[in-house]
Amino acid sequence: MFRILRRCARTGLATLPLEPARDADYELAGEKLRESIRRLRGGRSLYVREVDAGSCNGCEIEISALTSPVYDAERFGVHVTASPRHADVLLVTGPVTRQMELALKMTYEAAPEPKIVVACGDCALDGGAFAGSYAVAGAVEDVLPVDIRIKGCPPKPSAILGALLAAVERAGKA
Amino acid sequence: MDSKEFPLDALPAACASMVRGEGARLAAALALDERRRDGGFSLRYVFSVPAKRSYVELRGRIPAGAAAFPSSAALVPAAHAFEREIREFFGLDPQGHPDPRNLLLHEDWPEAVHPLRKEFSWNAKTRREAGREFPFLKVTGEGVFEIPVGPVHAGVIEPGHFRFSVAGEPVVNLEVRLGYVHRGLEKLFEGRLALAAAALAERISGDNSIAHALAYCRAVEDLAGRTPPPRAQALRAILLELERLYNHAGDVAGIAADTGFVFGGAQMLILRERLLRENERLSGRRLLRGWLEPGGLARDAAPGSLETLAAALESCEADYREIEKLILGADSLMDRVVGAGVLDRRVAVDLGGVGPAARASGVDGDLRRDHPVGLEAELGFQPALRREGDVRARMLVRMEEIAESFRVLRALQARMPDGPWTVPINGVGPGEGVGWAESSRGEVLHWLRAGPDGTIERLKIKDPSFSNWPLVPWAVQGDIVPDFPLINKSFGLSYAGHDR
Amino acid sequence: MEAPLNAGFAFQGIVIFLAAPLAAGVLRKLKAVLQNRLGAPVVQPYRDLRKLLGKEEVVSGTASGLFRVAPYVVFAATAGACSLVPVVLARMATAGGAWGDLVVLVGLLALGRFALALGALEAGSAFGGMGSSREMMVSSLAEPALLTALFVAALEARTSEAGRIAAHVARTGGAAFGPGSAFALAALFLVALAECGRLPVDNPSTHLELTMIHEAMILEYSGRSLALIEWASQARLLLFMTLLVDLFLPWGIALDASAAALALGAAVYALKIAGLCAVLAFAETSTAKLRLFRVPDFLGAAFVLALIGLFSQGFIQWGL
């Protein structure tokens with residue numbers, strides 16, 4: 001018990017200030033996204049449901065870093081949730097494989113409005129390294145309406161979180 | 001690699017005698033569509049023979065017009081999954097195989113369409129067939145009910161389906177159904193220039209980018225008959241160990257967090273983040289991508305970067321030692337992991353299990369010691385071995401490997417050779433080559449055949465998870481449902497590596 | 001002057017509901033700090049609830065009306081239970097009549113749990129069923145321990161009314177605090193961990209659907225229903241903490257309705273709850289989750305502690 005306290009004190013605060021995402025790293029959709037965030041009461045509380053629609057798992061490594069003490073997405077009100085019914089944001093990675101297409105659609109339908117779809121990573125944007133393959137149904141936007149696009153293979157955690165926060169900030173300004 | 005031809009009917013017996021007589025382990029089984037050459041198919045069974053420190057291949061020919069072969073699955077259980085895959089991708093029927101169901105392609109895939117046959121185009125749009133259901137094993141009895149889980153899981157994790165049959169909380173049977181992340185990679189490689197495909201190899205299984213790219217590059221080098229210079233070998237070994245480090249750190253963090261000991265998990269995640277940042281500082285990419293190429297490396301390490309890395313690793317190791325003590329001293333965590341998910345050694349051996357999951361059950365095998373490449377023979381790897389086969393053993397094996405990796409990285413730094421970091425490879429093929437690497441999960445094997453123009457005719461990718469996923473249902477037998485996530489996490493398998 | 005006093009007493013329940021998200025936020029923040037990170041701001045639960053109230057509700061096709069009604073029953077039952085417990089002002093000694101029987105409180109909490117468990121089965125998903133069955137197992141073991149621990153306090157004050165007990169202990173000072181109370185306090189703490197779905201019984205922040213107990217029951221809820229259930233479970237946690245504070249650590253509670261006493265009572269209450277949050281945060285951070293079939297051992301221990309408390313209190317009181 002006290003070993004824990006001691007280690008905690010030695011480590012100190014591990015959370016680092018978030019480096020801002022570069023504009024080139026992400027793309028925000030227009031009015032619909034702003035409207036969704038407004039209906040989500042400004043986006044100060046975002047429940048994120050991650051869906052791997054066929055990624056190589058590289059994006060998952062970076063997304064799992066978001067809940068680590070270093071990036072600490074919770075300090076921005078971004079919380080990774082267990083159920084699509086609780087979700088405000090669907091964070092989708094990977095090209096949508098033929099065999100994940102249905103599961104992805106069902107997850108989307110299970111989530112209540114207002115909801116935001118984020119296509120995370122080069123594969124999610126256009127199929128990436130797997131584009132055109134017989135086993136791939138398409139990019140995320142071929143299956144679902146996409147609000148936020150994040151580039152990278154994989155995108156850094158700061159880019160993923162930064163893109164989300166940029167959307168929130170932009171909705172607050174408009 | 002030694003390759004012996006057998007008549008098709010004698011192949012199963014030959015495979016069995018490899019396993020029994022020479023103590024070999026089936027590493028991969030693959031088929032080749034050679035109908036354009038001579039009308040038939042070729043079958044290869046690749047065995048790891050530690051006693052000979054080499055791989056041995058047994059091959060057989062399926063003559064023109066035939067589409068079946070005698071199955072070796074009954075004699076060599078490790079061949080079970082490989083032969084199912086051969087059936088669905090090539091349309092070659094393994095006669096005598098107990099399981100006629102598809103492994104990767106789901107129910108809506110038309111039966112007569114076989115993606116790895118040459119006439120099937122890599123970007124073909126195939127219709128979906130309706131109305132079929134995957135026949136899961138049904139367990140009947142009083143109070144037995146089914147729990148389907150997935151493919152979308154509650155955490156940040158890859159998709160897969162688990163079908164439990166439970167009587168209350170104890171698991172009576174578990175079936176794992178994967179294939180959701182099948183991207184058609186082996187087909188995607190075909191037709192590409194062998195010398196330019198390392199980047200695609202990095203995306204087979206993202207957290208094993210280096211292991212797969214390394215195995216691929218080694219296969220190309222084997223084919224071309226070229227050996228990378230010592231500096232390249234040393235740098236490659238550093239990258240492989242760095243990848244092992246961050247993966248094991250993440251796995252231990254996951255095990256701790258899954259038992260509810262969030263503090264331990266958070267500490268390990270902080271360590272993992274440090275390691276990923278060191279990766280970035282060294283190579284420009286957190287997952288070390290974009291550096292390996294056939295022949296060596298695309299560029300040298302920046303001046304001073306290795307020294308910076310060494311200093312950072314020293315501090316990371318000191319941190320790790322403290323966290324390790326903390327985790328091992330957390331009684332409530334240790335109580336959860338002791339005795340859960342016990343995997344019997346014989347099951348691991350029979351099914352060809354590899355990596356930490358097998359070593360935790362007493363299977364003594366590690367490619368860095370058994371099939372060393374380049375500098376590996378000089379580094380004196382000792383595989384971390386345990387006998388209990390429970391979650392605790394798998395966690396401890398990873399912890400020992402972390403310590404071992406730190407040691408190896410120091411040794412590599414100390415004897416870093418100077419000189420070129422790559423050897424030019426001007427042409428590749430025709431021919432066959434094999435490359436391998438011990439990833440954080442176990443044996444990665446790439447079997448490559450290239451044509452005279454240097455393009456890939458066939459690449460067989462064996463990810464350690466392909467051999468290890470069949471172990472999970474065995475480990476879960478008799479345990480209760482709430483322990484399953486912890487057991488699954490202790491195996492730490494890749495869905496993307498399995499499905500390709 | 002019965003009616004106004006009782007009405008005012010019930011008003012304290014609203015305080016619990018309003019303060020519950022703050023208490024949950026403080027607890028979350030403390031746990032985050034112990035994990036070396038910043039964590040969400042303490043008011044984050046209010047933002048979460050506000051957002052949820054504005055979201056659409058998606059209901060599974062297989063669910064009946066019970067699914068829609070259950071969250072309201074849970075909310076109402078928890079609200080009812082909260083109104084039986086003193087927060088800032090204890091029962092005044094001069095007032096007659098009864099209000100706030102502890103057995104009724106336990107019954108109301110059980111009603112809420114029952115409704116939630118039934119609602120969880122509605123969507124027909126395996127997780128809901130697993131959550132319900134585990135919750136029932138845990139509560140069937142926790143309730144006897146809970147009641148016994150409460151009886152210890154009731155025995156000392158010779159009443160089962162929470163307000164009266166608090167007033168009695170506050171007035172008599174340390175003399176009322178016998179060894180039996182110490183056992184009962186420990187038992188109540190352990191039971192509170194189980195009843196509120198905290199570690200080591202249940203991990204409230206887990207993402208492992210197969211290990212969930214409480215969370216599994218709410219996986220299918222969304223929008224306003226989810227907000228009501230979340231709020232009710234936050235209130236439940238604060239309720240248990242308030243109960244602990246009232247029965248075993250009530251010093252500082254207002255014994256009359258004067259402004260000074262109320263202000264002091266409120267301040268002391270806030271401090272005690274903050275302290276309890278710190279204890280809970282530390283307890284949760286330093287332990288892993290129990291294997292499911294160890295939970296009966298855990299609750300069995302709580303029950304035995306409560307029994308010991310009951311017997312020792314009985315011996316002291318009746319001089320056996």
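The values are calculated or read from the model by the stated rules, or taken from the named source; none is laboratory data. Note that the structure is a prediction, hence the values are computed from the model and not measured. We place every Cβ from the backbone using ideal geometry, glycine too, and count neighbours over all the protein chains shown. Note: accessible area is taken over every heavy atom of the protein model, side chains too, but ligands, DNA and RNA are not part of it. Shrake-Rupley method; radii C 1.70, N 1.55, O 1.52, S 1.80 Å.
Of all residues in segment B:399-411, those that are over 10 Å from residue B:324 (Cα atoms) have Cβ atoms under 6 Å from Cβ atoms of residues that are part of a helix (DSSP H, G or I) and aliphatic (A, V, I, L, M), 6 or more apart or on another chain, in B:405/B:245; B:408/B:379; B:409/B:313; B:411/B:379. Within segment B:113-137, the residues that satisfy the criterion of being touching a residue at least 24 places away in the same chain (Cβ under 8 Å) and either acidic (Asp, Glu) or more than 8 Å from chain A (Cβ to nearest Cβ) (or both) are B:114, B:116, B:117, B:118, B:132, B:133, B:134, B:135, B:136, B:137. Using the structure shown, decide if residue B:159 is open to solvent by 50 Å² or more (accessible area, probe 1.4 Å), within 19 Å of residue B:103 (Cβ to Cβ), in contact with a strand residue (DSSP E or B) (Cβ under 6 Å, 6 or more places away or on another chain) and within 11 Å of another protein chain (Cβ to nearest Cβ). The answer is no for residue B:159.
Could you check segment C:122-224 for helices (runs of 4 or more DSSP H) lying wholly inside it with 2 or more residues that are free of Cβ contacts under 8 Å to residues at least 40 places away in the same chain?
Answer list for segment C:122-224: C:126-157, C:162-172.
If you check B:249, B:224, B:199 for being within 14 Å of chain A (Cβ to nearest Cβ), open to solvent by 10 Å² or more (accessible area, probe 1.4 Å) and either hydrophobic (A, V, I, L, M, F, W, C) or under 13 Å from residue B:444 (Cα atoms) (or both), only one passes: B:199. So, residue B:34, is that one under 21 Å from the mean Cα position of the chain (by Cα) and surrounded by 14 or more Cβ atoms within 10 Å (Cβ to Cβ) or not? For residue B:34, the condition - under 21 Å from the mean Cα position of the chain (by Cα) and surrounded by 14 or more Cβ atoms within 10 Å (Cβ to Cβ) - is not met. Scanning segment C:33-63 for residues that are open to solvent by less than 60 Å² (accessible area, probe 1.4 Å), more than 7 Å from every other protein chain (Cβ to nearest Cβ) and touching an Asp or Glu at 6+ places or on another chain (Cβ under 9 Å) turns up C:45, C:49, C:52, C:59, C:60, C:63. Inspection of segment B:333-342 finds no residue satisfying the criterion of being more than 14 Å from chain C (Cβ to nearest Cβ), surrounded by 15 or more Cβ atoms within 10 Å (Cβ to Cβ) and under 25 Å from residue B:286 (Cβ atoms). The set of residues from segment C:218-232 being buried (at least 24 other Cβ atoms within 10 Å of the Cβ) and within 14 Å of chain B (Cβ to nearest Cβ) comprises C:218, C:220. The combined condition, being open to solvent by 10 Å² or more (accessible area, probe 1.4 Å) and either touching a Lys or Arg at 6+ places or on another chain (Cβ under 8 Å) or of a type in the set (A, V, I, L, M, F, W, C) (or both), is not fulfilled by residue B:181.
Here is a yes/no grid of residues against (1) more than 14 Å from every other protein chain (Cβ to nearest Cβ); (2) assigned to a strand (DSSP E or B); (3) in contact with a helix residue (DSSP H, G or I) (Cβ under 6 Å, 6 or more places away or on another chain):
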site: B:409; (1), (2), (3): yes, no, yes
site: B:429; (1), (2), (3): yes, no, no
site: B:448; (1), (2), (3): yes, yes, yes
site: B:456; (1), (2), (3): yes, yes, yes
site: B:467; (1), (2), (3): yes, no, no
site: B:490; (1), (2), (3): no, no, yes
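Would you say residue A:140 is touching a residue at least 24 places away in the same chain (Cβ under 8 Å), open to solvent by less than 10 Å² (accessible area, probe 1.4 Å), under 17 Å from residue B:155 (Cα atoms) and away from every other protein chain (no Cβ under 11 Å)? Considered against the rule, which asks whether it is touching a residue at least 24 places away in the same chain (Cβ under 8 Å), open to solvent by less than 10 Å² (accessible area, probe 1.4 Å), under 17 Å from residue B:155 (Cα atoms) and away from every other protein chain (no Cβ under 11 Å), residue A:140 comes out as no. Count of segment C:286-307 residues, restricted to those that are within 12 Å of chain B (Cβ to nearest Cβ), over 16 Å from residue C:189 (Cβ atoms) and of a type outside the set (Lys, Arg), is 4. The requirement of being outside the structural domain of residue B:250 (by TED's automatic domain parsing), more than 29 Å from residue B:217 (Cβ to Cβ) and touching a helix residue (DSSP H, G or I) at 6+ places or on another chain (Cβ under 7 Å) is satisfied by residue B:151.
Each row is one residue, and each column tells you yes or no for (1) outside the structural domain of residue B:437 (by TED's automatic domain parsing); (2) in contact (Cβ under 8 Å) with a residue 60 or more places away in the chain; (3) open to solvent by 40 Å² or more (accessible area, probe 1.4 Å); (4) more than 25 Å from the chain's Cα centre (by Cα).
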{"residue": "B:56", "(1), (2), (3), (4)": "yes, no, no, no"}
{"residue": "B:62", "(1), (2), (3), (4)": "yes, no, no, yes"}
{"residue": "B:65", "(1), (2), (3), (4)": "yes, no, yes, yes"}
{"residue": "B:69", "(1), (2), (3), (4)": "yes, yes, no, yes"}
{"residue": "B:74", "(1), (2), (3), (4)": "yes, yes, yes, no"}
{"residue": "B:77", "(1), (2), (3), (4)": "yes, yes, yes, no"}
{"residue": "B:90", "(1), (2), (3), (4)": "yes, no, no, no"}
{"residue": "B:111", "(1), (2), (3), (4)": "yes, no, yes, yes"}
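Could you tell me whether segment C:81-104 includes any residue that is open to solvent by less than 60 Å² (accessible area, probe 1.4 Å) and modelled with pLDDT of 90 or more?
Within segment C:81-104, not a single residue is open to solvent by less than 60 Å² (accessible area, probe 1.4 Å) and modelled with pLDDT of 90 or more.
Which one is nearest to the chain's Cα centre (by Cα) among residues in segment A:67-77 that are more than 7 Å from chain B (Cβ to nearest Cβ) and open to solvent by less than 10 Å² (accessible area, probe 1.4 Å)? Going through the qualifying residues, I end up with A:73. When the helices (runs of 4 or more DSSP H) confined to segment A:1-76 are screened for residues that are without any contact (Cβ under 8 Å) to a residue 24 or more places away in the chain, those reaching at least 2 such residues are found at A:2-11.
The set of residues in segment B:162-176 that are more than 10 Å from every other protein chain (Cβ to nearest Cβ) and within 18 Å of residue B:468 (Cβ to Cβ) comprises B:174, B:175, B:176. For segment A:86-103, check the following and say yes or no: at least one residue is closer than 18 Å to residue C:40 by Cβ and open to solvent by 10 Å² or more (accessible area, probe 1.4 Å). Yes, some residue in segment A:86-103 is closer than 18 Å to residue C:40 by Cβ and open to solvent by 10 Å² or more (accessible area, probe 1.4 Å).
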